[in-house]
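These notes are about the structure you will find just below.
The values are calculated or read from the model by the stated rules, or taken from the named source; none is laboratory data. Fair warning: this is a prediction, and the values are worked out from it, not measured in the lab. Glycine also receives a Cβ, built like all others from the backbone with ideal geometry; neighbour counts cover every protein chain displayed. When the accessible area is computed, the model is the full protein with side chains, heavy atoms only, and any ligands, DNA or RNA have been set aside. Shrake-Rupley method; radii C 1.70, N 1.55, O 1.52, S 1.80 Å.
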Amino acid sequence: MSVVCLTDFEALARERLSKSTWDYIEGGAGEGFTRDDNIAAFKKSGLLIRLRPRYLKDVSQVDTRTTIQGEEISAPICIAPTGFHCLAWPDGETSTARAAQAAGICYITSTYASCTLEDIVAAAPRGFRWFQLYVQPDRQLNKQLVQRVESLGFRALVITVDVPKLGNRRHDIRNQLNLKTNLLLKDLRSPQERNSMPYLQMSPIDSSFCWEDLSWFRTITQLPIILKGILTKEDAELAVKHNVQGIIVSNHGGRQLDDVPASVDALPEVVAAVKGKLEVYLDGGVRTGNDVLKALALGAKCVFLGRPVLWGLACKGEHGVGEVLNILKDEFHTSMALTGCRSVAEINQDLIQFSRL
């Protein structure tokens, strides 16, 4: 089978992975409405998002480069935090990190990585990395982990805010998938446990974490703080008030609360609320270069890929992730050229129009 788009990788990955692993990667919360709507919203939701191309421009040179938090990336297409990459490929996150380094883009490493942070850094020492944190009930463990990633050269702290409790993931319940006993995490270790045992099982997430706790994180790190999982103007305004440096508009790939807006539908509300005071990114449902262009035209600085990266990893490891990134980057380059955009800075809301179904 010739692989020419991201959904081709989806089909191949489904053939290669066990049913329980596939269900874990692809599954959404509840009835899966939000998971499916993330993709559909780029094409057909309450409003059709269509492109308004401008022609007779010199697009012989198209530059896809941009910056996030002041760091240059080769294209506004980066890797979202997803856990347990060893489910998809034996080398897990080390393969993902190498592919991201080769592509010149940012890789957000998950708290629930199945490789140690040190191994991930060693595999891609020149890589541009952020670290995603699920806040743990043990503050000392949070402090240890955050200061560790800072010392390892991670450039930002991405705090996931939409998991005060795990979503109702029916596939995992039916499959009796128990990652707590089947997969042991190498990074969630207290100093005592680090010396007495090689791994620590999955820890609970702190359901008491709230806005006021962000000030404590500023006392333990100099890293920029990005909040992942914001969907409303009210929370976006609070993010500005609490002086964070970025927001990832995300519904957790439809894996947490079902029946919330698709990420791209929530994006304009968040962008309007922050009034340019911090950077806004998006994850969820991006499958084509046109999707990337639409997200940027609606105000996102960058998009982050979740499931497609795991599809590529499951098919060909590092090379599969690289192919996924290259396909999407090439599609985005074409989308820019065909709409008359010579640089990412030229992408704005004039490129899109809305019409009701």
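For region 6-355, the carbon plus sulfur part of the accessible surface works out to 50%, probe radius 1.4 Å. Per-residue accessible area (protein heavy atoms, 1.4 Å probe) orders 33, 154 as 33, 154, starting from the largest. Note that region 113-153 presents 37 Å² accessible area per residue, ligands and nucleic acids not counted, probe 1.4 Å. Per residue, the solvent-accessible area of region 3-110 (1.4 Å probe, heavy atoms of protein chains only, all protein chains present) comes to 44 Å². The Rg/Rh ratio of the chain, with both radii computed over alpha carbons and Rh defined as the Kirkwood radius, is 0.95. By the Cβ rule of 4.7 Å, the chain holds the following cysteines without a possible disulfide partner: 5, 86, 115, 210, 302, 315, 341.
As a calculated quantity, the FRET efficiency between residue 152 and residue 59 at R0 = 30 Å, using C-beta atoms, amounts to about 0.15.
For region 230-357, dividing the convex hull volume of the Cα atoms by the residue count gives 135 Å³ per residue. Among 59, 271, 158, the largest mean-square fluctuation in a Gaussian network model of the chain, built with springs joining Cα atoms closer than 10 Å, belongs to 59. Using a Gaussian network model of the chain with C-alpha springs under 10 Å, which one of 250, 74, 208 is most mobile by mean-square fluctuation? Between 250, 74, 208, it is 208 that shows the largest mean-square fluctuation.
Ranked by solvent-accessible area (1.4 Å probe, protein heavy atoms only, all chains present), the residues 165, 233, 329 order from largest to smallest as 165, 233, 329.
Take the residue pairs 294/329; 241/329; 19/228; 165/228; 241/275; 277/301 and return only those whose Cα atoms are more than 23 Å apart. The answer is 241/329; 19/228.
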